[in-house]
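A quick write-up on the structure given underneath.
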Amino acid sequence: MNQSQQSVLSSRKQVDDIGSNLTAVSDLVNNVAEQAGNLSTASVEQNVTAESFSESMQVIVDITRRSSDTAEQLAKTTSQLFKCKDEVNYHMGKFNLS
């Protein structure tokens, strides 16, 4: 009988150990699930940040393009103004000579 009681006690201890191990495994699975959720959230935040950065870069590119176009127009206007100035000087010279 004594051996039977020891076997029962040993079996109960094994069942308790298995229960403890299952609890630990359950905690680990819950932690992994939580980390997966955190990773997903971080990934979404990173995508939003990347999209915002991309939009900002597009704005910068557009501003640079417009600035370049404006600079070209100013260069053309300056060239035309110099031609006008030369023409005015030429005609003023002719006027003064008359």
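Quick note: the coordinates plus some simple rules give every number you see, no bench work behind them. None of the values given here were measured: they were computed from a predicted structure.
Hull surface divided by four, with the convex hull built on the Cα atoms of the stretch 50-98: how many nm²?
Projected over every direction and averaged, the Cα hull of the stretch 50-98 covers 3.0 nm².
Suppose only helical runs count, i.e. DSSP H with n ≥ 4. What mean residue ellipticity at 222 nm does that imply for the chain under -39500 (n - 2.57) per run, divided by all residues and rounded to the nearest 500 deg cm²/dmol?
Computed ellipticity for the chain at 222 nm equals -37500 deg cm²/dmol.
For helix 2-97, report the angle its Cα long axis makes with the longest principal axis of the Cα atoms of the chain; keep it between 0 and 90° and round to the nearest 10°.
That works out to roughly 0 degrees.
Within the chain, how many lysine pairs that are 8 or more places apart, or on different chains, have C-alpha atoms less than 29 Å apart?
Lysine pair count for the chain: 4.
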